[in-house]
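Asks: Pasting a structure here, questions to come.
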Amino acid sequence: MKLFRKVFCCPVVLALSILGAGVPASGAAEYPAKTVQIVNPFPPGAVTDIIARLVNDKISAALGQPVVVVNKTGGGGAVGIKSVKDAPADGYTVLIAPPPIVLIPLARKGIGFEIGDFTPLNLIGRTPAVMIVKADSPWKTMEDFIGEAKRKPGQLTFGTPGSGTSGHFAMELFKKETGINLIHVPLGGEAPVATGVMGGNIHTSIIGLGTVRPHIEAGALRALVTATQKRVKELPTVPTTFEKGLPTVEASPWFVFFVRASTPPAIVNKLGKAISDALTDKEIIAKIEKAGVSVENIGPEETKQYLASEHKRWSEVAKIAKLD
């Protein structure tokens, strides 16, 4: 008993015990010690998928560990987003996400995640959104489409990647501002939306330019209007919603890398720097911009402030469009 007391009370032993208890087996100093996953919550070929696969090799080189892209699709992005929210906050599961990470919880209460469940690492950039119809449709202008929708209330359709996506919010706002009634058809991704419009299965959509630009250039789709303040350089003859008197209908989807909230700051900083450095590579920038995204490479703090403003803006839209 005396020996036990001496060992237990020994200052050196006590100090070492305390220090040992405070150092995790796999702490920030050792990060990363294994493969890092980037979760893309949309199908292969989506802009998120393209960006993640363009930067993963550079991030891997910076971290000294493999970085792999994993597609976890479903629910308009909700399945993949929630999988990252449910993963440990250790930096080994990274998410790339567009506005649905903010919008889905506003449209679908109880979905299981909020924007506050995540810490942003980097705002990669934004892509303009465009309202599309089939190229051989009778609608040459936005006004043509609105006129048809008013003559046939509840008969025309619009496609989106899913409920709570940016295209869904933008189209609901477009309906509200123009006084038309359209039927929502969620299709699980932007590529299926583009295919649906080209095939005549749905009538229109507001969708990211990166997905539909090749189809517009090939003459399979027609752009009626861009949901932007200024004309898009790739579509100089296409008017904007601002020009058409619909300034509230603005949707320029952004793309952000996230980790779980409460991920150690040292890991957040290490990942953020690796991503930011990858986004300075001229070849990567050119390929991302070819996909329709203007690279901005904005750091964590500024991105966090921007996302807060986006949450406030779209919360108001959800109320106006009665999506909450």
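Asks: Please give the number of the condition Ser276 fails out of (1) buried (at least 18 other Cβ atoms within 10 Å of the Cβ); (2) more than 20 Å from the chain's Cα centre (by Cα); (3) of a type in the set (Gly, Ala, Ser).
Replies: The one condition Ser276 does not meet is (2).
Asks: Which pairs turn up if I take residues in the stretch 272-295 that are hydroxyl-bearing (Ser, Thr, Tyr) and look for partners that are open to solvent by 60 Å² or more (accessible area, probe 1.4 Å) and at pLDDT 95 or above with beta carbon separation below 9 Å, at least 6 apart in sequence or on another chain?
Replies: The qualifying pairs do not exist here.
Asks: Here's another thing I want to ask about it. With the requirement that a residue be surrounded by fewer than 20 Cβ atoms within 10 Å (Cβ to Cβ) and not aromatic (Phe, Trp, Tyr), what does the stretch 239-251 give you?
Replies: Scanning the stretch 239-251 gives Pro239, Glu243, Lys244, Gly245, Leu246, Pro247, Thr248, Glu250.
Asks: Test each condition in (1) of a type in the set (Val, Ile, Thr); (2) over 18 Å from the mean Cα position of the chain (by Cα); (3) at pLDDT 95 or above for Ile298 and report the one that comes out false.
Replies: Tallying (1) of a type in the set (Val, Ile, Thr); (2) over 18 Å from the mean Cα position of the chain (by Cα); (3) at pLDDT 95 or above, Ile298 fails exactly one: (2).
Asks: Here is a further query. Filter the stretch 179-197 down to residues that are in a helix (DSSP H, G or I) and open to solvent by 20 Å² or more (accessible area, probe 1.4 Å) and give me whichever is modelled with the highest pLDDT.
Replies: Top of the filtered list is Thr195.
Asks: Which of (1) at pLDDT 95 or above; (2) out of contact with any Leu (no Cβ under 8 Å at 6 or more places or on another chain); (3) open to solvent by 20 Å² or more (accessible area, probe 1.4 Å) does Ile115 not meet, given it meets every other one?
Replies: (2)
Asks: So Ala170 passes all but one of these: (1) open to solvent by 10 Å² or more (accessible area, probe 1.4 Å); (2) modelled with pLDDT under 95; (3) more than 13 Å from the chain's Cα centre (by Cα). Which condition number does it fail?
Replies: The failed condition is (1).
Asks: Please enumerate the residues belonging to the stretch 203-215 that are in contact with a Leu (Cβ under 8 Å, 6 or more places away or on another chain) and open to solvent by 10 Å² or more (accessible area, probe 1.4 Å).
Replies: Correct list: His203, His215.
Asks: From the set of residues in the stretch 51-67 that are within 18 Å of the chain's Cα centre (by Cα) and free of Cβ contacts under 8 Å to residues at least 40 places away in the same chain, which is least open to solvent (accessible area, probe 1.4 Å)?
Replies: For the stretch 51-67, the residue satisfying everything is Asn56.
Asks: On to the next question. Filter the stretch 118-164 for residues that are under 13 Å from Ser205 (Cα atoms), open to solvent by less than 30 Å² (accessible area, probe 1.4 Å), at pLDDT 95 or above and not hydrophobic (A, V, I, L, M, F, W, C) and give the result.
Replies: Of everything in the stretch 118-164, those that are under 13 Å from Ser205 (Cα atoms), open to solvent by less than 30 Å² (accessible area, probe 1.4 Å), at pLDDT 95 or above and not hydrophobic (A, V, I, L, M, F, W, C) turn out to be Thr157, Gly159.
Asks: Is it the case that some residue within the stretch 152-167 is in a helix (DSSP H, G or I) and under 20 Å from Thr240 (Cα atoms)?
Replies: yes
Asks: Do we find a residue being in contact with a strand residue (DSSP E or B) (Cβ under 7 Å, 6 or more places away or on another chain) and hydroxyl-bearing (Ser, Thr, Tyr) anywhere in the stretch 175-184?
Replies: no
Asks: For Thr263, indicate whether it is among the hydroxyl-bearing types (Ser, Thr, Tyr), buried (at least 19 other Cβ atoms within 10 Å of the Cβ), in a helix (DSSP H, G or I) and at pLDDT 95 or above.
Replies: The answer is no for Thr263.
Asks: Here's something else I'd like to know. What's the number of the only condition in (1) in contact with a Lys or Arg (Cβ under 9 Å, 6 or more places away or on another chain); (2) outside any strand (DSSP E or B); (3) not acidic (Asp, Glu) that Val225 fails to meet?
Replies: Here Val225 meets the rest and fails (2).
Asks: Hey, another quick one. For the stretch 87-112, which positions are touching a helix residue (DSSP H, G or I) at 6+ places or on another chain (Cβ under 9 Å), open to solvent by 10 Å² or more (accessible area, probe 1.4 Å), modelled with pLDDT under 95 and not small (Gly, Ala, Ser)?
Replies: Pro98, Leu106, Arg108, Ile111 - these are the residues of the stretch 87-112 that are touching a helix residue (DSSP H, G or I) at 6+ places or on another chain (Cβ under 9 Å), open to solvent by 10 Å² or more (accessible area, probe 1.4 Å), modelled with pLDDT under 95 and not small (Gly, Ala, Ser).
Asks: Among the residues of the stretch 283-305, write down those that are under 22 Å from Val232 (Cα atoms) and either aromatic (Phe, Trp, Tyr) or open to solvent by 30 Å² or more (accessible area, probe 1.4 Å) (or both).
Replies: Result: Ile285, Ala286, Lys287, Glu289, Lys290, Ser294, Val295, Glu296, Asn297.
Asks: Checking Pro138 against (1) touching a residue at least 24 places away in the same chain (Cβ under 8 Å); (2) out of contact with any His (no Cβ under 8 Å at 6 or more places or on another chain), which single condition isn't satisfied?
Replies: Pro138 satisfies every listed condition except (1).
The values are calculated or read from the model by the stated rules, or taken from the named source; none is laboratory data. Not measured: the values here are computed from a predicted model. A quick note on method: Cβ atoms are made from the backbone with ideal geometry, for glycine too, and the neighbour counts reach across all protein chains shown. These area figures cover heavy atoms from the full protein model, side chains too; ligands, DNA and RNA do not enter into them. Shrake-Rupley method; radii C 1.70, N 1.55, O 1.52, S 1.80 Å.
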